[in-house]
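The values are calculated or read from the model by the stated rules, or taken from the named source; none is laboratory data. Bear in mind that the values here come from a model prediction, so they are computed numbers and not experimental data. Cβ atoms come from the backbone with ideal geometry, glycine included; neighbour counts cover every protein chain shown. For accessibility, only protein heavy atoms count, side chains too; no ligands or nucleic acids. Shrake-Rupley method; radii C 1.70, N 1.55, O 1.52, S 1.80 Å.
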Amino acid sequence: MKTNKRHQLKRNIGIIAHVDAGKTTVSERVLYYTGKIHTKGETHDGGSKMDRGTQEKLHGITISSAATTVNWRDHEINLIDTPGHVDFGIEVKRSLRVLDGAVVVFDAVSGVEPQTETNWRLANDFGVAKMAFINKMDRPGADFERVIGMMTQRLDVKAVPVQLPITDPETHTLVGIIDLVSLEYLTWSDTDGKELQRKPIPKQWESEANTKHHELVEHIIEYDEALLEAYLESGTAPSTSELQSAIRLATVSHHIVPVLCGTALKNRGIQPLLDAVVDYLPSPMDKALPAAVEDGGLLAYAFKTAHHGSFGSQTWLRLYAGSIEPGSRIYNSSKGCFERISRIVRMNSDEAEDIARAEAGDIVAVVGLKDTHTGDTLADAGSDTILESLAIPEPVTRVVIEAASRSDREKLGLGLKRLTTEDPTLQISVDAETGQSILSGMGELHLEMAREKLEEELNLSITFGQPEVSYRETIQTSADVTYLHKKQDGGPGQYAQVSISVEPLARGSGFEFESQITGGAIPADYIPGVEKGIAKAMLSGVIDGHQVVDIRVVLVDGRTHSDDSSLLAFENAGFHALKKALVEARPILLEPVMKVAVTTPTDHVGDVIGDLTRRRGLVNNQEPRGSTTEVSAEVPLAKLFGYISDLRSMTSGRANFTMEFQSYEKLAA
């Protein structure tokens with residue numbers, strides 16, 4: 001990518017967190033203090049700018065990623081606010097796929113929570129540099145040092161505090177923050193949080209601040225040879241600017257995670273957080289291109305498709321190289337087709353601002369692309385460059401969905417197509433026996449939000465069945481079978497014989513196919529037909545018609561007929577051969593097992609554990625968190641429908657829980 005000053009002054013960042021850590025409130029305050037909005041919005045009263053959808057305002061949670069662009073200290077910051085609930089994890093995943101840096105928000109009381117760990121691993125997978133913001137420092141039980149310890153232990157990172165919170169022990173008010181880099185005391189003279197003042201550190205905190213400053217210096221200089229040499233030889237401590245540069249180098253290279261603090265709801269700590277985004281997180285030029293591009297060539301990645309009320313479908317792009325303008329004709333190298341851009345817009349949540357040009361490093365939405373969807377690569381004509389697409393998780397919950405009236409039937413089909421295009425973790429299928437439409441997703445909330453969207457945004461009247469578990473089938477032993485497909489009905493015949501060997505794979509391995517055909521026993525042109533037939537047979541297992549997973553199939557031999565063999569004949573042979581092999585290989589059902597974390601008042605721990613055990617749960621850990629305890633367990637999804645109501649009933653509404661998919665395991669008899 002050809003670099004310039006504009007690239008150096010750009011940051012592409014995400015805000016990620018566990019649900020209820022205050023992530024969207026942080027984003028709202030960023031908008032407010034950068035002048036993007038003039039009134040602070042709150043998630044609890046539906047006034048949040050970033051939670052733009054009807055469901056988000058109603059339920060007070062982020063469901064879909066929202067993008068905006070703000071300016072701070074002459075830098076342009078593209079910010080994406082992502083969901084914290086596990087059911088909407090695809091939004092986090094596809095956002096992190098295109099971002100350079102992330103601010104990870106932690107609750108000062110709860111610390112590292114399950115979805116925090118999941119999102120952290122995703123950021124690691126995509127090489128995203130991170131900084132931490134410990135939020136809600138004004139809550140009773142807030143513990144800055146404890147959260148840093150949890151980060152070190154659970155996330156396996158070198159968490160380095162660059163600030164120190166000062167709180168009133170009686171009122172729990174965050175009265176100020178010590179900047180450990182510049183050794184200044186930060187305080188606010190107004191409740192609105194706009195009047196940030198930098199003062200000398202009060203004497204009662206000087207000693208602790210100096211100690212923490214020296215610890216920070218010792219952590220950082222090992223990543224800067226010049227500073228380390230000066231420090232060892234003459235004891236010369238780095239200046240503030242030198243220390244900032246060293247922190248940035250260590251952050252961008254993933255050696256450390258700077259830790260800051262504040263309380264977004266009470267308007268404390270956001271301006272220093274913005275300073276840290278500019279000072280420590282990478283610009284687009286700090287990351288290597290994901291693929292080789294000729295000088296001036298185009299390379300872009302489509303990471304999201306969304307519907308906008310004003311202009312219909314839009315595609316969100318990250319540009320890695322080159323530039324685009326309205327009217328540009330671009331090549332989708334993933335699909336092998338050309339597209340034309342009619343508009344380019346910069347999003348501010350649900351508002352769109354037309355722009356005349358987008359360049360490398362930009363994140364924008366474009367209008368006019370008909371065949372480009374999540375995971376597609378856009379490049380110059382004739383390019384064979386295809387960036388790695390997203391791995392889409394398999395849904396674990398499903399419901400029957402039907403139009404309530406004949407007039408809504410066609411609209412429902414169009415609505416479902418739109419939903420599944422926007423969210424690839426939603427899948428639509430048809431039950432082969434009943435002909436009913438089946439909508440599958442990542443959990444009860446995921447499917448409920450889909451239903452509400454169909455009813456409210458598309459004005460549809462639909463009936464929704466009860467949530468059901470998406471089971472899978474697999475095998476326990478190996479089997480060798482031979483199947484002859486022979487059909488003669490007066491016209492051209494069908495003849496194909498295949499011999500296959502099947503064996504089980506480890507959980508989560510998927511499907512492997514190998515051909516060991518030698519000597520032309522089966523012509524090479526027919527072998528793809530065998531694989532296609534096997535893959536088709538795996539869609540419906542032999543126990544209860546569920547998808548078959550985690551098997552390896554080897555094609556070892558076969559026979560053909562000079563006149564009657566064809567690709568279709570071998571596809572049919574592969575289909576029936578696998579069905580026969582599945583029966584002989586001791587098939588079993590698999591059920592989705594969820595990783596569950598229950599946060600409960602300590603006096604209800606026994607009730608919670610007993611209930612989880614009755615649900616066939618395996619309790620792994622109990623961890624005290626102030627006046628509460630977090631209970632971790634593995635529980636079959638089938639036993640968790642309606643769990644939140646039961647949990648609140650047994651704890652008088654004082655407990656809550658989160659869950660995420662862990663694995664498919666053998667269904668207990």
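Some observations on this one:
- Residue within the stretch 550-557 that is buried (at least 18 other Cβ atoms within 10 Å of the Cβ), in contact (Cβ under 8 Å) with a residue 60 or more places away in the chain and either of a type in the set (A, V, I, L, M, F, W, C) or closer than 30 Å to Val469 by Cβ (or both) present: yes
- Just one of the listed residues (Thr425, Thr372, Thr434) is assigned to a loop (DSSP other than H, G, I, E, B), over 29 Å from Ser461 (Cβ atoms) and among the β-branched types (Val, Ile, Thr), and it is Thr372.
- Subset of the stretch 129-141 [within 17 Å of Val19 (Cα to Cα) and at pLDDT below 95]: Arg139
- Leading residue by the ranking (nearest to Arg625 (Cα to Cα)) among those in the stretch 86-99 that are in contact with a helix residue (DSSP H, G or I) (Cβ under 6 Å, 6 or more places away or on another chain) and open to solvent by less than 20 Å² (accessible area, probe 1.4 Å): Asp87
- Where a residue in the stretch 185-213 is free of Cβ contacts under 8 Å to residues at least 24 places away in the same chain and among the polar types (S, T, N, Q) and its partner, wherever it lies, is open to solvent by 50 Å² or more (accessible area, probe 1.4 Å) and outside any loop (DSSP other than H, G, I, E, B), with Cβ under 9 Å and at least six apart: Thr187/Val175; Thr187/Leu196; Thr187/Gln197; Thr187/Arg198; Thr187/Lys199; Ser189/Leu196; Ser189/Gln197
- So Thr463, is it closer than 30 Å to Asp408 by Cβ and either within 39 Å of the chain's Cα centre (by Cα) or open to solvent by 50 Å² or more (accessible area, probe 1.4 Å) (or both): yes
The rows are residues; the columns are (1) modelled with pLDDT of 95 or more; (2) of a type in the set (Val, Ile, Thr).
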site: Glu113; (1), (2): no, no
site: Gly127; (1), (2): yes, no
site: Asp156; (1), (2): no, no
site: Pro161; (1), (2): yes, no
site: Tyr185; (1), (2): yes, no
site: Gln197; (1), (2): yes, no
site: Pro200; (1), (2): yes, no
site: Thr211; (1), (2): yes, yes
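- For Leu568: the one exception among (1) part of a helix (DSSP H, G or I); (2) open to solvent by 30 Å² or more (accessible area, probe 1.4 Å); (3) within 23 Å of Tyr471 (Cβ to Cβ): (3)
- Taking the criterion of being without any contact (Cβ under 8 Å) to a residue 12 or more places away in the chain and part of a helix (DSSP H, G or I), the only residue of the stretch 507-549 that qualifies is Ala524.
- Look at (1) closer than 28 Å to Leu447 by Cα; (2) among the hydroxyl-bearing types (Ser, Thr, Tyr); (3) in a loop (DSSP other than H, G, I, E, B); (4) at pLDDT below 95 and you find that Thr385 fails only one, number (1).
- Scanning the stretch 296-334 for residues that are exposed (fewer than 15 other Cβ atoms within 10 Å of the Cβ) and either of a type in the set (A, V, I, L, M) or farther than 22 Å from Glu457 by Cβ (or both) yields Gly296, Gly297, Ser323, Glu325, Gly327, Arg329.
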